[in-house]
Amino acid sequence: MKVIKKIKIKQPIDKVWKIWAEEFDKAGIWMAQVDHTLQKTNGTKVEDAPMIGRVCNFTPNPDGAKAIEDIIMYDPVNYKMNLRVVAENVPIPLKQNIFESSLKKLSDNETEIVIDANIELKWNGYLLYPIIKNGFNKSYGELLEELKYFIEKGIVHPRKQKKIDAA
């Protein structure tokens with residue numbers, strides 16, 4: 001299953017890259033779906049990457065749903081970063097997701113970010129293919145909206161603020 005999303009952010013490419021890639025383990029600050037993130041401490045760090053990867057916890061429960069994300073390619077010169085994402089304790093029949101991202105400078109103050117997710121389902125996931133694909137389309141669209149909002153306005157998106165207020 002393939003999901004491609006992109007968005008334009010009215011900020012310089014280096015600012016977008018800093019938040020998206022260099023501060024990769026801090027996405028829990030701005031990403032509404034995520035309760036909190038942790039930097040991975042086990043695994044192999046790829047060349048030039050700021051870290052091995054991150055763990056996105058979707059609930060405050062340490063045994064709850066999470067995504068384990070390893071950086072598998074990191075190219076700060078060309079503003080590209082690829083991840084291998086494996087879900088734990090989630091109801092989605094997902095094997096893995098190879099998630100590619102790239103940033104493109106549109107002008108001195110505008111950047112386009114493109115995400116290209118190659119989602120591999122377990123055999124039973126294909127029974128729910130349309131529902132799962134719609135879910136990923138919505139989820140990645142919201143993720144990019146929240147990133148844009150955070151970078152352009154300097155505050156979290158109202159979806160994230162609502163979760164913070166409810167905690």
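Taken together, the values in this text are just the output of simple stated rules run on the coordinates, not laboratory data. Fair warning: this is a prediction, and the values are worked out from it, not measured in the lab. Here the Cβ is made from the backbone with ideal geometry for all residues, glycine too, and neighbour counts use every protein chain on show.
Only Lys, Arg, Asp and Glu carry charge here, each on its Cβ (+1 for the first two, -1 for the last two); on that basis region 2-166 has a dipole of about 440 debye about its Cα centre. Which residues in region 69-111 have a backbone N closer than 17 Å to a point placed 7 Å from the Cα of residue 14 along the Cα-to-Cβ line? Within reach of a label on residue 14, which here means backbone N under 17 Å from a point 7 Å along Cα→Cβ, region 69-111 contributes 76-80, 103-111.
Residue by residue, region 37-49 carries 3J(HN,Hα) couplings of 10, 10, 6, 6, 10, 10, x, 10, 7, 7, 4, 6, 5 Hz when phi is fed to the Karplus relation 6.51 cos²θ - 1.76 cosθ + 1.60 (θ = phi - 60°); x denotes Gly or Pro.
When the chain is described by a simple charge dipole with +1 on each Lys and Arg Cβ and -1 on each Asp and Glu Cβ, the residue from 49, 135, 119 located farthest towards its positive end is 135.
Could you give the alpha-carbon Rg of region 2-166 over 2.2 N^0.38 Å, rounded to two decimals? Let's see the in-between values first.
On the way: Rg = 15.4 Å, N = 165, 2.2 N^0.38 = 15.3 Å.
Here the Cα radius of gyration is 1.01 times the empirical estimate.
Could you work out the relative contact order of the chain? I mean the mean sequence separation of Cα pairs under 8 Å and 6+ apart, divided by the number of residues, in percent.
Details: 341 pairs, mean separation 45.6, N = 167.
About 27 percent, as a whole number.
Can you give the local net charge around residue 59? Use residues other than it whose beta-carbon is closer than 14 angstrom to its beta-carbon, Lys and Arg +1, Asp and Glu -1. With Lys, Arg at +1 and Asp, Glu at -1, the net is -1. When peptides 133-143, 78-88 are ranked by their average number of other Cβ atoms within 10 Å per residue, the highest-first order is 78-88, 133-143. If you take every residue apart from residue 145 with its C-beta less than 11 Å away from the C-beta of residue 145, what net charge results, scoring Lys and Arg +1 and Asp and Glu -1? Result for the neighbourhood of residue 145: +2. Figure legend: label point modelled 7 angstrom from the Cα of residue 162 along Cα→Cβ; residues of region 109-151 with amide N under 15 Å from it are 139, 142-143, 145-146. Classify region 14-82 from the C-alpha gyration tensor, please: rounded if a/c falls under 1.5, else prolate or oblate depending on whether a/b exceeds b/c. Since a/c reaches 1.5 but b/c is at least a/b, the shape of region 14-82 is classed as oblate.
Given their separation in residues at 0.36 nm each and the Cα-Cα distance between them, residue 86 and residue 123 gain 11.7 nm when the chain is fully extended.
For the chain, the longest principal axis of the alpha carbon atoms and the long axis of helix 129-153 meet at an angle near 30°. Near residue 157, the amide H atoms lying under 5 Å from its own belong to 150; only residues 5 or more places off or on other chains count, and H is placed 1.01 Å from N.
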